[in-house]
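Written below as structure tokens is the structure these notes are about.
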Amino acid sequence: MSDVFKSLEPAIQEHLKVIRETSGLPESDTSLELLAEGWKEKEGAFDDQARSMGMDQADECKDSSRGFLALTYSGSLVAVGPDNGGSRRAVYVSIDRRRDVPARAESEDAVLGASVVCGQEIVFDKGPVKKSSAIYRLALLPSALALNDQNERLDEATVALTKEFQAVDDTRFDEL
């Protein structure tokens with residue numbers, strides 16, 4: 001096993017092992033290393049996108065008037081808009097290799113079921129999925145932005161990151 005996989009937090013390593021098992025990738029250290037390298041690239045893309053959108057990194061989203069973008073330990077993206085009278089726009093995008101979750105799911109009237117905190121799952125009472133895997137990174141939109149502007153920025157970020165994540169997967173797994 002090379003250094004990238006070993007450098008990841010144990011929780012991420014465990015998620016990558018599950019992804020390897022459920023994705024049809026060879027049961028090898030090479031597969032884990034490629035998943036780890038891809039995960040690090042995706043983490044960098046997430047951080048760059050959040051920074052370019054003027055988002056604040058946070059451990060928790062305490063303000064329902066702020067939309068947020070989350071990167072989960074498994075490498076999925078979750079974009080949740082600000083509260084709009086009790087519901088929110090929400091988009092869930094999984095990594096391409098997973099076969100045990102939807103590739104993409106959306107809801108225009110999502111309702112969060114619990115607080116949104118790094119290290120915990122995003123739980124929906126009503127939404128695109130019942131829950132995500134635990135949040136690794138959380139980026140909050142500025143509360144000064146209007147609701148529509150926040151949703152537009154989240155859509156832009158989700159589209160851009162989905163393309164980047166797909167490109168990582170496409171190039172990374174050509175090596176197998």
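The values are calculated or read from the model by the stated rules, or taken from the named source; none is laboratory data. Bear in mind the structure is a predicted one, so any value in this text is a computation, not a measurement. Backbone-built Cβ (ideal geometry, glycine too); neighbour counts: all protein chains shown.
Yes/no per residue for (1) at pLDDT 95 or above; (2) among the basic types (Lys, Arg); (3) farther than 14 Å from residue 127 by Cβ; (4) in contact with a Phe, Trp or Tyr (Cβ under 7 Å, 6 or more places away or on another chain):
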site: 63; (1), (2), (3), (4): no, no, yes, no
site: 81; (1), (2), (3), (4): yes, no, no, no
site: 93; (1), (2), (3), (4): no, no, no, no
site: 115; (1), (2), (3), (4): no, no, yes, no
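Across the stretch 35-54, not a single residue is classified as acidic (Asp, Glu), farther than 30 Å from residue 148 by Cα and in a loop (DSSP other than H, G, I, E, B). Condition first: within 22 Å of residue 73 (Cα to Cα) and touching a Gly at 6+ places or on another chain (Cβ under 9 Å). Can you find one or more residues in the stretch 142-152 that meet it? So far as the stretch 142-152 goes, no, none of its residues is within 22 Å of residue 73 (Cα to Cα) and touching a Gly at 6+ places or on another chain (Cβ under 9 Å). Being out of contact with any Pro (no Cβ under 8 Å at 6 or more places or on another chain), within 20 Å of residue 135 (Cβ to Cβ) and either surrounded by 14 or more Cβ atoms within 10 Å (Cβ to Cβ) or of a type in the set (Ser, Thr, Tyr) (or both) is a condition met by no residue of the stretch 21-30. Of everything in the stretch 112-144 that is in a loop (DSSP other than H, G, I, E, B), of a type in the set (A, V, I, L, M) and free of Cβ contacts under 8 Å to residues at least 12 places away in the same chain, the residue that is nearest to residue 71 (Cα to Cα) is 114.
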